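Colleague: Input: one structure, supplied below.
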Amino acid sequence: MKKFFFVIILFILSLNIVHANEDLKNKIYKNIRCIVCQGQSIYESNSDFAIDLKKLISKKLDNGENEKQIYEFLISRYGEWIVYNPRFNFNSLSLWLLPFIIFMIGGFLIFRLNNNKKK
């Protein structure tokens, strides 16, 4: 009887591990951009590229690689554009700060020109 419960517990735990692995796969699939289908993730795409990339990601997960290692491999191979959530770097910082800087310079120029007209 104890062996029966032990087998059931092992079966339930293995199902939970498989389910967690599928969730991780789907999370990665949704964060990887399909190069063939503009604007779609490989999760949504049925292109040959997406199918091959899904197989590659599954194989890497089965070999014990983690999410970060998979992203690093894909970024090194296809560039930063392949992921929907790119890493934070100087280029992305400048992209976010540039409109603010332009707005501040424009406001300063308008204020300065307005003061010169009043004199």
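The values are calculated or read from the model by the stated rules, or taken from the named source; none is laboratory data. Source: prediction; values computed, not measured. FYI the Cβ positions are ideal-geometry reconstructions off the backbone, even for glycines, and counts take in every protein chain you see.
Colleague: When the residues of region 42-59 are narrowed to those that are hydroxyl-bearing (Ser, Thr, Tyr) and outside any helix (DSSP H, G or I), which ends up surrounded by the most Cβ atoms within 10 Å (Cβ to Cβ)?
Modeller: SER45
Colleague: Yes or no: region 35-52 includes at least one residue that is acidic (Asp, Glu), in the same structural domain as PHE73 (by TED's automatic domain parsing), closer than 18 Å to TYR84 by Cα and modelled with pLDDT of 85 or more.
Modeller: yes
Colleague: Could you tell me how many of the residues in region 68-95 are surrounded by 10 or more Cβ atoms within 10 Å (Cβ to Cβ) and more than 27 Å from CYS37 (Cβ to Cβ)?
Modeller: 2
Colleague: Please verify whether region 105-118 includes one or more residues that are out of contact with any strand residue (DSSP E or B) (no Cβ under 6 Å at 6 or more places or on another chain), loosely packed, with under 10 Cβ neighbours inside 10 Å and assigned by TED's automatic domain parsing to the domain that holds ASN26.
Modeller: Looking through region 105-118, none of the residues is out of contact with any strand residue (DSSP E or B) (no Cβ under 6 Å at 6 or more places or on another chain), loosely packed, with under 10 Cβ neighbours inside 10 Å and assigned by TED's automatic domain parsing to the domain that holds ASN26.
Colleague: Any chance you could count how many residues in region 70-98 are modelled with pLDDT of 90 or more and either among the basic types (Lys, Arg) or over 30 Å from SER58 (Cβ atoms) (or both)?
Modeller: Final tally of qualifying residues: 1.
Colleague: Another question, then. List the number of the failed condition for GLU65; all other conditions in (1) part of a helix (DSSP H, G or I); (2) in the same structural domain as TYR29 (by TED's automatic domain parsing); (3) surrounded by 10 or more Cβ atoms within 10 Å (Cβ to Cβ) hold.
Modeller: (1)
Colleague: Would you check if PHE88 is assigned to a helix (DSSP H, G or I) and free of Cβ contacts under 8 Å to residues at least 60 places away in the same chain?
Modeller: Taking the combined requirement at face value, the residue does not satisfy it.
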